[in-house]
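Report on the following structure.
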Amino acid sequence: MTNEAERNELQSHFPYMGLKLNELSIQEERLVLFYLKGMSKAAAGRAAGYQNMENVYAIFKKDSIQKAISYLRKEMVEEAKFDRNQATNMYLEAHRKSANATEEKNVVDSLCKLHGLFAPDNATQININVDKVEQLERLSDDDLIKIAGENSSYLEPSK
């Protein structure tokens with residue numbers, strides 16, 4: 001159920017929507033509020049007290065209703081923005097509330113990843129395409145080392 005505070009909040013946005021105060025009826029305001037809370041058009045119409053659903057769909061086509069919905073959706077998107085600064089603040093709050101050193105370390109690691117402070121892992125990856133594992137099992141150590149891109153002295157311990 002929409003209350004008076006929600007209607008007042010909606011009406012406070014009217015000048016920014018290009019609407020005049022009382023341009024929407026109370027029932028239309030309630031319709032918009034219910035719709036923006038996630039209800040379908042039909043459900044919002046029933047919740048706002050409309051009996052005829054065809055009338056509800058016609059009301060949604062009105063320019064003033066379209067302006068209100070469009071503006072309020074943009075406002076909702078702006079409120080939901082999540083960026084690096086918000087993530088950093090959340091991590092710092094988690095660090096402050098951490099119970100032990102492990103939790104603190106995990107937060108610091110996450111902060112470093114977020115801000116790109118970790119050097120990328122430059123480990124060499126070797127991809128070998130083999131039809132059957134048995135083929136590899138039959139190869140000698142020297143042949144396997146050659147496939148891996150190393151020379152045969154790779155297995156000899158260095159002094």
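The values are calculated or read from the model by the stated rules, or taken from the named source; none is laboratory data. This structure is a prediction, so every number in the text was calculated from the model and none was measured. Reconstructed Cβ throughout: ideal geometry from the backbone, glycine too, with neighbour counts over all protein chains shown.
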Regarding Asn52, is this residue over 22 Å from Val77 (Cα atoms) and assigned by TED's automatic domain parsing to the domain that holds Glu75?
yes
From Glu23, Glu75, Glu54, residue being in contact (Cβ under 8 Å) with a residue 12 or more places away in the chain and out of contact with any helix residue (DSSP H, G or I) (no Cβ under 8 Å at 6 or more places or on another chain)
Glu75
May I ask you to verify whether Met90 is closer than 30 Å to Phe118 by Cα and aliphatic (A, V, I, L, M)?
yes
Scanning the stretch 11-67 for residues that are assigned to a helix (DSSP H, G or I) and among the polar types (S, T, N, Q) gives Gln11, Ser12, Gln27, Asn55, Ser64, Gln66
Among the residues of the stretch 57-74, is any in contact with a Lys or Arg (Cβ under 8 Å, 6 or more places away or on another chain), in the same structural domain as Leu24 (by TED's automatic domain parsing), surrounded by 11 or more Cβ atoms within 10 Å (Cβ to Cβ) and of a type outside the set (Lys, Arg)?
yes
Exactly one condition in (1) farther than 23 Å from Val77 by Cβ; (2) out of contact with any Ser or Thr (no Cβ under 8 Å at 6 or more places or on another chain); (3) surrounded by 12 or more Cβ atoms within 10 Å (Cβ to Cβ); (4) at pLDDT below 90 is false for Glu4; which is it?
(3)
Output the residue which, of all residues in the stretch 68-91 that are part of a helix (DSSP H, G or I) and of a type in the set (Phe, Trp, Tyr), is nearest to Val107 (Cα to Cα).
Tyr91
Of the conditions (1) within 15 Å of Ser70 (Cα to Cα); (2) more than 27 Å from the chain's Cα centre (by Cα); (3) surrounded by 12 or more Cβ atoms within 10 Å (Cβ to Cβ), the single one that Pro15 does not satisfy is (3)
So is Ala68 touching a residue at least 40 places away in the same chain (Cβ under 8 Å) and within 28 Å of the chain's Cα centre (by Cα) or not?
yes
